[in-house]
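K.L.:
Here you go, one structure.
The values are calculated or read from the model by the stated rules, or taken from the named source; none is laboratory data. From a predicted model like this one, the values you see are computed outputs, not experimental measurements. Note: ideal-geometry Cβ built from the backbone for every residue, glycine included; neighbour counts use all protein chains shown. Areas reflect the complete protein model, heavy atoms only, side chains present, ligands, DNA and RNA absent. Shrake-Rupley method; radii C 1.70, N 1.55, O 1.52, S 1.80 Å.
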Amino acid sequence: MIKIEQLSKIFRTQEVETSALHKVDITIHKGDFVAVMGPSGCGKSTLLNIIGLLDNPTEGTYYFDGQEVGSLHERQRTRLRRGKVGFIFQGFNLIDELNVFENVELPLNYLNLKSSERKNRVNEILDRMKIGHRAGHFPQQLSGGQQQRVAIARAVVANPALVLADEPTGNLDSRNGIEVMNMLTELNRAGTTIIMVTHSKHDAGYAHRVINLFDGQIVTEFENERVKEFAF
């Protein structure tokens, strides 16, 4: 599904050049659940942005479903992203002016679906996430755990093949964090490929594979049985 070869990302200003990623090689198959770990500033979020087609690499190649996408223009990336990639953020990123139903419906508005189909999809995923009773509420009326449920519903309502999660439990207490990780596990078991950036060894324990970054490079990569032995 995803093949990244010798990928590098350099941020340049007039005075400073910063290497965020350096010659990274990653292969992710359909149905994988991969956790990306590492200290702050190691390049985790930069990698996630490139995989999610929000940014381009400076060097290297990135194949998504067999297509080289590392050199696409922004408009081309946006077209490819729609319906194929869902995002879950630590800060939820819900729109305060929209209620729960409208927030979740948002990705479907770009897919030229009929109103009835959009309604059915939103109601189905809200019920699946056990937040349907809050469909008419606004984000500020919800708890943190409820907001993250809404964010997950929005990420998967279009049935994307790939879900990218950036510290999905970072703003939650342990109980809500476990619930969110269980939801991601269920999505993965249903066939969704998940790539998750996390600082949490507990959360990484849900993944099939763990990739550790340090200074923009992969320093270790291993199957999940070793995750509890690793710590920065």
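Residue-by-condition table, conditions (1) charged (D, E, K, R); (2) without any contact (Cβ under 8 Å) to a residue 12 or more places away in the chain:
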site: Lys3; (1), (2): yes, no
site: Asp32; (1), (2): yes, no
site: Gly38; (1), (2): no, no
site: His73; (1), (2): no, yes
site: Gly83; (1), (2): no, no
site: Ile88; (1), (2): no, no
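K.L.:
Oh, and also: Restricting attention to segment 75-104, which residues are among the aromatic types (Phe, Trp, Tyr), surrounded by 19 or more Cβ atoms within 10 Å (Cβ to Cβ) and within 18 Å of the chain's Cα centre (by Cα)?
P.N.:
Phe87, Phe92
K.L.:
Could you grab me the full set of residues in segment 8-30 that are over 30 Å from Ala190 (Cα atoms), in contact (Cβ under 8 Å) with a residue 12 or more places away in the chain and either out of contact with any Lys or Arg (no Cβ under 8 Å at 6 or more places or on another chain) or open to solvent by less than 50 Å² (accessible area, probe 1.4 Å) (or both)?
P.N.:
Ser8, Lys9, Ile10, Ala20, Leu21, His22, Lys23
K.L.:
Which residues, counting only those in segment 190-211, are touching a residue at least 24 places away in the same chain (Cβ under 8 Å) and hydrophobic (A, V, I, L, M, F, W, C)?
P.N.:
Ile194, Ile195, Met196, Val197, Ala204, Ala207, Val210, Ile211, listed by residue number.
K.L.:
For Arg75, indicate whether it is touching a helix residue (DSSP H, G or I) at 6+ places or on another chain (Cβ under 9 Å) and at pLDDT below 95.
P.N.:
no
K.L.:
Kindly establish whether Asn159 is on the phi > 0 side of the Ramachandran plot and of a type outside the set (Asp, Glu).
P.N.:
yes
K.L.:
Tally up the residues in segment 179-199 that are open to solvent by 10 Å² or more (accessible area, probe 1.4 Å) and either assigned to a strand (DSSP E or B) or under 21 Å from Gly38 (Cα atoms) (or both), please.
P.N.:
Within segment 179-199, residues that are open to solvent by 10 Å² or more (accessible area, probe 1.4 Å) and either assigned to a strand (DSSP E or B) or under 21 Å from Gly38 (Cα atoms) (or both) number 1.
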